[in-house]
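Let me begin by presenting the structure, written as structure tokens, before commenting on it.
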Amino acid sequence: MKILLNQQQLEAGVENLADEIKGIYGHQPLTIIGIMTGSVVLLADLIRKLEMPLRVGVVQTSSYRGTERGPLTINSELMLDITDRDVLLIDDIFDTGHTLKEVIQLMKSLGPASLRSAVLLKKSGRQEVHLVPDFVAFDIPDEFVVGYGLDFNDEYRNLPYLACLETADLETSQYPA
Ligand code: 5GP
Ligand code: MG
């Protein structure tokens, strides 16, 4: 496994993200929706750097089986009301962009006052949709990454750093697909 972003780099990136978000919303109340499960670590770190009145919710999506994309599923039973609220969607990584595009469409149908999106990572040269997240902490090369919330078959989410998964790692995985 090759480390792409270490703990200090991730911490600094999330700090910058929080500063940009504060720059836009100031002290206005904000509703943050984390796209699970990949954004779980980012969500926990980011919300503790924000000081405005904050509500936090999640939606569950899934599209990967191992390193292969599968059909996207969204569990849309959002447990909090976002009508007329300023909403910020949080995701781990913007890859093809289909996940964020579909979640945005779903959220828009619930009538938020405003809707923006923030991602930790944006993979270069992969986008298939006309959409750019409002906030991006890091641009990364087109490699399959794990750690800091991102998984391979639900493994590695707990790594405190971000790493590229190499062929040898796939062969030794405890949890084969
Ligand atoms: P998209 O719909 O933009 O293609 O993919 C977004 C979702 O796919 C992300 O939220 C993430 O869960 C997953 N994904 C995309 N690229 C990677 C990657 O390199 N590593 C991991 N672990 N997940 C990824
Ligand atoms: Mg995801």
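Taken together, the values in this text are just the output of simple stated rules run on the coordinates, not laboratory data. From a predicted model like this one, the values you see are computed outputs, not experimental measurements. Please note: Cβ atoms are built from the backbone with ideal geometry, for glycine as well, and neighbour counts cover all protein chains shown.
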*Between the range 119-164 and the range 8-37, the Cα center-to-center distance that results, in Å*: 16 Å
_Restricting to DSSP H runs of at least four residues, report the calculated mean residue ellipticity at 222 nm for the chain, -39500 (n - 2.57) per run over all residues, nearest 500 deg cm²/dmol._
-7500 deg cm²/dmol
*Tally the DSSP beta bridges in the range 93-176 and give the antiparallel ones as a percent, rounded to 5.*
35 percent
*Restricting things to alpha carbons, tell me how big the chain is in terms of Rg and Dmax, in Å.*
15.8, 49
*If you count the DSSP beta bridges with both ends in the chain, what percent of them are antiparallel, to the nearest 5?*
35 percent
*Whose amide H sits under 5 Å from the amide H of GLY38, counting only residues 5 or more places off or on another chain, with H placed in the peptide plane?*
none
*asked:* Using amide H atoms built in the peptide plane, which far-off residues or other-chain residues are under 5 Å from PHE94 H to H?
replied: LEU121, LYS122, LYS123
_Max mean-square fluctuation residue, GNM over the chain, Cα-Cα springs under 10 Å, options ASP151, ASP81, ASP92_ = ASP81
*For the chain, find the longest principal axis of its Cα atoms and tell me its angle to the long axis of helix 98-108, 0 to 90°, nearest 10.*
20 degrees
_Order 47-57, 117-127 from most to least packed using the mean count of other Cβ atoms within 10 Å._
117-127, 47-57
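Treat every Asp and Glu Cβ in the chain as -1 and every Lys and Arg Cβ as +1, leave all other atoms uncharged, and give the resulting dipole magnitude about the Cα centre to the nearest 20 debye.
About 360 debye.
Quote to one decimal, in nm, the extra length available between ILE24 and LYS2 on full extension: 0.36 nm per residue of separation minus the C-alpha distance between them.
4.4 nm
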